[in-house]
Structures are given as structure tokens and as C-alpha cells.
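Structure first, then comments.
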Amino acid sequence: QVHLRHRLLWVATFAIACLLLWSPFGFGLTAVLEEWGVLSLFTTHGTLFFAGADSPLAAQRLRPLTVFPHAVVYSLAPDSFDLWNVLLMAALLAKATAAAILGERLTDSRRWGMVLGLLVLLHPADTMQLSFRALHINLSLALVLWGSALMVRLDGDDHPARKFALSALASALLLASMLMYEAAAPLALAPFLIWFAREGFGGVAARLRSLAAPVIVWLAGVAIFGA
């Protein structure tokens with residue numbers, strides 16, 4: 001119960017931070033630059049969820065899910081940007097919560113975990129971060145950070161089936177993250193960096209032995225993306 005209460009406190013804190021960020025303009029945020037091009041494609045070619053080689057977005061095929069979040073909100077509400085605002089806030093909230101979990105694991109402090117979550121939510125607080133042109137970026141980072149949090153959570157888990165299921169889910173989140181924004185790929189190293197920061201190379205080596213199968217499953221996401 002104490003653990004859950006602290007998690008809920010994190011989420012409430014990050015939600016308040018999002019509301020404060022939105023308070024000057026409410027849901028008045030609209031498309032800026034590239035989003036209008038995406039919307040134009042949606043109206044002329046239909047809603048595009050995947051940027052394949054034979055699609056009008058073939059130039060983006062290295063990141064085929066780049067317009068997936070835009071397509072989802074457009075298909076649900078084609079005449080309003082309200083859901084765009086909701087999804088952007090949710091992406092920031094998810095990203096901050098995952099970062100807080102990693103921060104707690106890194107420092108053994110819930111307080112410093114919350115501080116890291118706030119830093120990840122607010123920095124860099126510029127037009128690249130808090131606009132719809134970064135919607136896929138924020139979602140991508142949220143996915144890879146949650147995948148990393150699941151991998152770190154496996155430390156000390158002795159249940160083989162649960163370890164496989166969680167590592168498979170983590171790998172799927174990692175793969176989706178990279179397919180949405182390929183620059184997320186280096187964050188596949190996040191679990192190893194957490195282990196290194198806590199215990200050095202010996203800690204990483206120990207996890208590679210005790211979590212060999214989950215690590216292979218995790219890195220399979222990178223291999224599939226590379227393929």
C-alpha cells in the first residue's frame with residue numbers, strides 16, 4: 001500500500017505539472033508546421049497509420065510508425081485538436097512516470113525518482129518538446145523508458161514465466177519505440193546503464209548471467225528493427 005501510494009503521488013505530481021504547462025493556453029494548441037502536411041495527406045490519401053515504402057510517406061519508412069499517433073487522434077476526432085492535446089499530455093505523463101521508476105531504482109530514493117521524472121517531463125521545455133510535431137517523439141520515449149523499467153524490474157525475479165513475459169513485453173515496447181522514432185535506439189542501453197551506475201561492470205556482468213534469456217529477448221527488439 002505504501003508503494004502504491006508513492007506511485008500515485010508521482011502520477012498526481014506529474015499530472016499537476018502538465019496542467020500547469022497547459023494552463024496559459026488550455027487546449028488552444030494546434031498544428032504548427034509538419035502536422036499540416038500530415039493532415040493534408042490524411043485528407044487526400046486517407047488516414048495513414050504506417051509509413052511504408054509504397055505510401056505517400058515513403059521518405060519516413062525508417063520510422064514507419066511516425067504518424068501512427070497522429071492517425072489515431074485524427075481518426076477519432078478529425079475536426080478538433082482536443083484529443084491531440086490529451087494524447088500529448090498522456091505521453092508526457094507516461095514518460096515522466098517511467099523515468100521516475102528508473103530514477104528510484106538508480107538512487108533507492110522515491111523522492112529523487114520523482115525529481116528525475118519531473119526533469120524528464122520539463123526538459124527541454126521548448127517548442128520541439130511541447131508541440132504536436134513532437135507527439136511521436138514523446139510517445140517513443142515513453143515506450144522505451146517503460147520497456148527499460150520493466151527490464152530493471154526483472155532483477156531478483158525468480159519466476160521464469162513472468163520474466164519471459166515481461167521481457168517480451170519490454171522488447172515489444174522497445175521495438176515500437178524505435179519504429180516510431182529511430183533515435184530512441186540508444187536508450188536500449190538504459191537498463192545496462194542503471195546496473196552499471198549501481199554496481200559497476202561487475203553488476204552488469206552479474207545481470208547478464210542471471211538475466212541472460214530476458215536480455216536476449218530485450219535485444220531481439222533491436223535486432224528486429226535493424227533487420
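The values are calculated or read from the model by the stated rules, or taken from the named source; none is laboratory data. Here the structure is a predicted model, which is why all the values come from computation and not from measurement. Positions of Cβ are generated from backbone atoms using ideal geometry, with glycine treated the same way; all protein chains shown enter the neighbour counts. Remember, those area values only see protein heavy atoms, side chains included, never the ligands or the DNA or RNA. Shrake-Rupley method; radii C 1.70, N 1.55, O 1.52, S 1.80 Å.
Collect residues whose amide H, placed 1.01 Å from N in the peptide plane, falls under 5 Å from the amide H of Thr66; neighbours closer than 5 in sequence don't count.
Those lying under 5 Å, H to H, from Thr66 are Ala51.
What is the spin-label model distance, in nm, from Ala53 to Leu119 if the labels are put 7 Å beyond Cα along the C-beta direction?
The two pseudo-label positions are separated by 4.3 nm.
Rounded to two decimals, what is Rg over Rh for the stretch 170-219 when you use alpha-carbon atoms and the Kirkwood radius?
That ratio equals 1.03.
State the percentage of accessible surface on the chain attributable to carbon and sulfur atoms; use a 1.4 Å probe and exclude ligands, DNA and RNA. Intermediate results must be reported in sequence, preceding the final value.
Details: 8010 of 11430 Å².
About 70 percent, which is the carbon plus sulfur part of the accessible surface.
How big is the equivalent ellipsoid of the stretch 138-185 along its three axes, where each semi-axis is √(5λ) from the Cα gyration tensor, reported in whole Å from largest to smallest? Spell out each step's value before the answer.
Values: eigenvalues 99, 18, 8 Å².
Each semi-axis is the square root of five times an eigenvalue, giving 22, 9, 6 Å.
If you take the square roots of the eigenvalues of the alpha-carbon gyration tensor of the stretch 99-227 and sort them as a ≥ b ≥ c, do you get rounded (a/c under 1.5), prolate (a/b over b/c) or oblate?
Working: a/c = 2.13, a/b = 1.29, b/c = 1.66.
Oblate shape, in that a/c is at least 1.5 and b/c is the bigger or equal ratio.
Rg and Dmax of the stretch 107-175, using alpha carbons, in Å: what are they?
Taking only Cα atoms of the stretch 107-175, I get Rg and Dmax of 14.8, 45 Å.
With 10 Å bins from zero, work out the P(r) of the stretch 1-109 over every alpha carbon pair and list the percent per bin.
In order of increasing distance, the bins hold 13, 33, 27, 20, 7, 0 percent.
Springs between alpha-carbon atoms under 10 Å, Gaussian network over the chain: tell me which of Ile16, Ile137, Ile101 tops the mean-square fluctuations.
Ile16
First select every other residue whose beta carbon is under 15 angstrom from the beta carbon of Leu175; then total the charges, Lys and Arg +1, Asp and Glu -1. Walk me through the numbers before you get to the answer.
Working: positive: Arg63; negative: Glu182.
Once all neighbours under 15 Å are counted, the net charge is 0.
With the contact rule set at Cα under 8 Å and sequence spacing of 6 or more, what percent relative contact order holds for the chain? Walk me through the intermediate numbers first.
On the way: 292 pairs, mean separation 43.3, N = 227.
Reported as a whole number, the value is 19 percent.
Please work out which option in (i) 54, 40, 37; (ii) 53, 44, 33; (iii) 55, 42, 27 gives Cα extents along the principal axes in Å calculated from these coordinates, and answer with its label.
(iii)
At a threshold of 8 angstrom on Cα-Cα distance, excluding pairs fewer than six apart, so keeping six or more, what relative contact order does the stretch 82-189 reach in percent?
Values: 131 pairs, mean separation 29.0, N = 108.
Computed over the stretch 82-189, the figure is 27 percent.
So what is the accessible area of the stretch 1-87 per residue, in Å², with the probe set to 1.4 Å?
Numbers: 5110 Å² over 87 residues.
That works out to 59 Å² for each residue.
Size of the stretch 51-137 along its principal axes in angstrom, Cα-based, largest extent first?
Principal extents (Cα only, largest first): 48, 29, 22 Å.
Per residue of the chain, what 222 nm ellipticity follows from adding -39500 (n - 2.57) for every DSSP H run with n ≥ 4, rounded to the nearest 500?
Values: 9 runs with 157 residues, N = 227.
The helix-only estimate for the chain comes to -23500 deg cm²/dmol at 222 nm.
Give the ranking of Leu29, Leu116 by solvent-accessible surface, highest area first, calculated with a 1.4 Å probe.
Highest to lowest solvent-accessible surface, that is Leu116, Leu29.
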